[in-house]
Amino acid sequence: MPELITPIDLLSDITASKARLAFFTTFSLDLAFFESEVFQALQTAEKDVQTVVLVDRSAYLETALSGRFVRKAESEYRFLPFTPPGQTFHPKVFFLAGEDWARLYVGSANLTRTGFSRNLEIVDRLETTLESPRYGGCFKAFAEFVKDLVSSGAVPANAEKSLESVRATAQRFGGGTDDKSVVFGSSFSRPLW
């Protein structure tokens, strides 16, 4: 019987990826962990990786006001608050893309040391290439999700160009066969139920 649950080592996946573009959404954030482990892994694999971190406004303010380790934010990667009116920004989606491949991680893991290592988390990884496209519908839906983020007015105006780059890249991978058994859903514009 095939094993249905395969462990994912997120940090090793990121290090091995050689991504040119990395996009992370999270509710909780450990910026010291992100900069010293995740962003370092991204830069080790690809020096000029375009990176965007979108975080709930409360975590953004907590990080900014605490004076915690924020060395590279805004100088080497985008660190942005998301402020949805009357809502909490809670998705945990990580998107990595190279020239001809993309990965979408969707799950419960926050961008924290405990989210990556100690907590019991669940994460699904969808991979595709331009040569052998898979999960086209999910990558299209993710591109729409990013478009909705921008059009919501809940991101800083100076972030729209970075997010448009993420959207356009995800859209490029939205072709090919569509596995209808895998769906990317979001409660951004309507409830999930």
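Going toward the positive end of the dipole of the chain, with +1 on Lys and Arg Cβ and -1 on Asp and Glu Cβ, which of 17, 55, 157 do you reach last?
Positive-most Cα among the choices belongs to 157.
Calculate, in nm to one decimal, what residue 172 and residue 108 gain on full extension: separation in residues at 0.36 nm each, minus their alpha carbon distance.
The residue 172-residue 108 span can extend by a further 20.5 nm.
Over the range 85-193, give the accessible area per residue in Å² for a 1.4 Å probe, as an integer.
Heavy-atom SASA per residue in the range 85-193 reads 56 Å².
For the chain, compute the number of Lys pairs whose alpha carbons are separated by less than 20 Å, excluding pairs fewer than 8 positions apart on the same chain.
9
Give the percent of DSSP beta bridges with both residues in the chain that are antiparallel, rounded to the nearest 5.
Roughly 55 percent of the beta bridges in the chain run antiparallel, per DSSP.
Just how large is the dipole of the range 47-158 about the Cα centre, in debye to the nearest 20, putting +1 at every Lys and Arg Cβ and -1 at every Asp and Glu Cβ?
Approximately 360 debye in magnitude.
How big is D, in µm² s⁻¹, for the chain by Stokes-Einstein at 20 °C and 1.002 mPa s if Rh is the Kirkwood radius over C-alpha pairs?
Once the numbers are plugged in, D ends up at 126 µm²/s.
For residue 130, what is the net charge nearby, where nearby means another residue's Cβ is under 9 Å from its Cβ and Lys, Arg count +1, Asp, Glu -1?
Overall, the nearby charge balance is -2.
Say each of residue 11 and residue 100 gets a label point 7 Å from the Cα, pointing the same way as Cα to Cβ; how far apart are those two points in nm?
Result for the modelled spin labels: 3.2 nm.
So, with a 1.4 angstrom probe, what is the percent of accessible area on the range 19-132 that is carbon and sulfur?
47 percent
Measuring from label point to label point, each 7 Å out along Cα→Cβ, what is the residue 152 to residue 75 span in nm?
So the label points at residue 152 and residue 75 sit 3.0 nm apart.
The values are calculated or read from the model by the stated rules, or taken from the named source; none is laboratory data. Everything quoted here is computed from the prediction, not taken from an experiment. All Cβ positions, glycine included, derive from the backbone under ideal geometry; neighbour counts span all protein chains shown. The accessibility values were calculated without ligands, DNA or RNA, using every heavy atom of the protein model including side chains. Shrake-Rupley method; radii C 1.70, N 1.55, O 1.52, S 1.80 Å.
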